[in-house]
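The values are calculated or read from the model by the stated rules, or taken from the named source; none is laboratory data. Because the structure is predicted, anything quoted here is derived from the model rather than measured. A quick note on method: Cβ atoms are made from the backbone with ideal geometry, for glycine too, and the neighbour counts reach across all protein chains shown.
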Amino acid sequence: MMDLNTLRQFVVVARLEHLSRAAEELRVAQPSLSRTIARLEGELGAPLFDRSGRLRLNDAGRLFLGYVERSLGELDAGRRAVAEAVSEGVGTVRLASETFLTLTGPLAAYKRAHPDIEIELRWMPAEDMARHLRAQEVDLCVASQPISAEGLAAVQLLDDAVGVATPLGHPLADRTSVSIDELAGQPFVSARKGHWQRRLLDRLFAARDLTPKIVCEVDEPSAIADLISAGLGIGLVPAFARRSSTRPSGAWIAVDSPDCRRAVTLYWGADSHLSTAARLMRATITGWNWATGQPQEKRG
């Protein structure tokens, strides 16, 4: 009879597709974990992984994983709902995002309005958000690139132009706009692969059969503007970040491409139980005026 521990262990093995790393994360012996997965497959009457060469989740495994994640998520949501009801409080909200720079205004307003609510912030790449939302491991996600997945509800928050930032004195600094072809060969400061800025940069260049010259990759996108100002190169910077910066330096130049934009979107599980804390957070974020940096004015 499969139990919760077995299912949680299966989820980790499925995510990592590597027994020894999964055993290390779970802090169990690898032979024991291997037997657990084998017993689960025996109970289901089907293998969940392909074992020719590297361990790979197969079609049956992917099908089962979806059900397991949703089931475990519902159990965790039930625990939170009971804890909220018993404590007569509004609990905790868990928000994931690729970057929190865009969200500092609504987060500060939310904390002022609800000081007793705990906020858990998690950095997360966009490709992982759907899985975490379906498993109800987070309540809300904000992404700067589309998430294509079933079972999610979404509200677009901001449609933002993305331009090129350069240090002062750069040959392009006096321009009002620039083409992608003119950026070929320029040294770029960029986020790592997977981040929306890098994906946009690669996509813009690939559309013209070009490859950007990246001289610096960073883990923290907030450092890009500082590195550009220091003269290390140029880089893509959204207009919102430029407007909201307290110490803008260098130049910001529009890019002659209708695709050089980002759409910031709030996602949550369409069928998930959202706690009071999460619903209040959703209302704060969706009701924010990104142009003024203040809550939307109520009409009526």
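Looking at the range 71-83, is at least one residue surrounded by fewer than 17 Cβ atoms within 10 Å (Cβ to Cβ), outside the structural domain of M129 (by TED's automatic domain parsing), modelled with pLDDT of 90 or more and closer than 24 Å to E137 by Cα? No, the range 71-83 has no match at all. One residue stands out in the range 123-136 among those that are touching a Gly at 6+ places or on another chain (Cβ under 7 Å) and not in a helix (DSSP H, G or I): the one that is surrounded by the most Cβ atoms within 10 Å (Cβ to Cβ), namely Q136. Hey, any hits in the range 102-122 for a residue that's surrounded by fewer than 19 Cβ atoms within 10 Å (Cβ to Cβ), among the basic types (K, R) and under 16 Å from P146 (Cα atoms)? No, that holds for no residue. In this structure, does P47 turn out to be over 25 Å from H195 (Cα atoms), outside the structural domain of C260 (by TED's automatic domain parsing) and not in a helix (DSSP H, G or I)? Yes; evaluated as a whole, the condition is true for this residue.
Taking the criterion of being without any contact (Cβ under 8 Å) to a residue 40 or more places away in the chain and under 21 Å from the mean Cα position of the chain (by Cα), the residues of the range 198-223 that qualify are R198, L201, D202, E217, V218, D219, E220, A223. Within the range 5-27, being crowded, with 16+ Cβ neighbours inside 10 Å and over 20 Å from Y67 (Cβ atoms) holds for L19, A23, L26.
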